[in-house]
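What follows draws every value from the coordinates through simple rules; no lab data is involved. Worth saying up front: this structure is predicted, and the values here are computed from it rather than measured. Reconstructed Cβ throughout: ideal geometry from the backbone, glycine too, with neighbour counts over all protein chains shown.
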Amino acid sequence: MKKYIYSFLISLFFSLHTFSQSVEVTNFMRLNPYSNLNNPAYFIPYNGYVGIPGVSNINFSFYNTGLLYKNLIATDKNGYPKTVTLNKFINSLHPKSNWFNTELDLELLGFGFRIQDYFFSFGYRLKMDQCFKYSQDLFKFLLQGNLAQNEDGSYLYTEATPAKLEVNPNINIYQEMSIGFQGRIFDWLYVGARPKILYGLVNIKTNKLGASVYTNPEDYTISGNHDININVASIVPFYTGANGIAFDTESFYFGNIFKNVGFAIDLGAVYRINQQIRVSASVTDLGFIKWKGKGSVLNIASNPLANSFEFSGFTTDQILNFIQNGINFNLDTIFKVVNNSFVLNELKAYTTMLTSKIMLDGYFDLTPSNRFILQFKGYIMGKNFLPQFTVAYNGSFFNVIDVVVSYSMMRKNFANLGLGLGFRMGSVHLYTGTDNILAAVNIFNATRTNATFGLLVNFPTRPKVKEAELRSLFRQKEEMLEVEGVKE
């Protein structure tokens, strides 16, 4: 059965808000082999591990800078809604850069093994990375209305000062196959790399998506023009027919899931200054996906000859018809309007970049069981950069319990108290955590919410593999003793 692409895109857009930046709490768990995902050079204290398929490593998160309940609804002392505060909500938004980002990372198959000082791993993952950026005017115009006025009584949205309704949705859904390497080059230096082959499933790449809207003060007609340019790709080919674009499910075959090929790599290094202090750096998800295939890659753009619009309201007859017969949308009429306003072209191919991350951190081991961490991480999303700062504590006790407490900051996002817990029962390893435990009690006011969960089997079952002592430190001690002996 063929389904129209317009319905699909609308459904996909709203579904984005159910699943954004990566969950970090597992990065600080010394007993967890998946801490290596943050930096492929991190030491893994096992001879091997096997993930339970589908549940070994599940990460889900979102980052929301603007759509907060407390800014839109005023409550009484008991927490019940009292009034709607539109102005407070609108003023809380950034003029151009508001974000609603989501991310889902699910390992379907994973394992790793050690050969002397080197550790190798394999992972097959399903990933979804979505970024949605929007302007203040998007909600300012919709909530205040087209007749909003300035303090002097003049209309806010005129032909000279139109509302700039700008949105920028982007989404990547893809498969990832990786082979990781981690090794000790010297007793004070670890290096790691994880090359990845990517297979794209669905993509929306927004080059432009905006509209300028204003009101005629004489007859209150809403006028404007749109400027839209979006690339879309899917493993299900598109079909161009008389009624527009539909999915050609009859032409789909299993091999399509491997046709949008990409490549990425994770690189990292850890430098051990002494037995208690180390610093590390990494870059992860540095890569791209090339979307291609006949009939599977489209560009949707505004028709330069028909990119203006005008709405003068409903007539009395139309309103009476709505009351008597309800609202009845005619798909043929909608497709006629859409096809006249937009130009749909097949593309041979286009390329999208992943959301790359850069990371710098420092570790201090107060005791062999108690570690403190300071970390800086940045997310590169096209021309945009989102920084994050984190301080964390990790307690590793009896080779059984892994505890993490963290605090992180991002733009417009300062209340992030994280908590993670791992527990090894023999060879079975269960862990869970979140970067924002406060969101659980106030989800509608959370600017960042995420969770992680996993179940795997570690080897060996009893003592863990320990890092080597720094021989250079012992040489220094021996030299000092020799010098002191000479002095004596």
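Observations, loosely collected:
- Summed side-chain charge close to Val261 - residues other than Val261 whose Cβ falls under 10 Å, Lys, Arg +1, Asp, Glu -1: +3
- Greater than 22 Å apart at Cα, pairs in Lys205/Lys292; Lys96/Lys127; Lys127/Lys357; Lys127/Lys290; Lys357/Lys383: Lys96/Lys127
- Signed unit charges on C-beta, dipole axis of the range 45-175, positive-most listed residue Tyr46, Ser154, Gly79: Gly79
- Euclidean distance of C-alpha centroids, the range 21-93 and the range 155-193, integer Å: 16
- Residues Thr26, Thr83 arranged by fewest to most Cβ contacts within 10 Å: Thr83, Thr26
- For Leu347, net neighbour charge (Lys/Arg +1, Asp/Glu -1) across residues whose Cβ lies under 12 Å away: +4
- Summing charges over all other residues whose Cβ lies under 14 Å from the Cβ of Pro169, with Lys and Arg as +1 and Asp and Glu as -1, gives +1.
- Take each peptide in 123-129, 369-375, 69-75, count the other Cβ atoms within 10 Å of every residue, and average; sorted highest first, the result is 123-129, 369-375, 69-75.
- Inter-part distance where the range 287-306 and the range 203-222 are each reduced to a Cα centre, Å: 22
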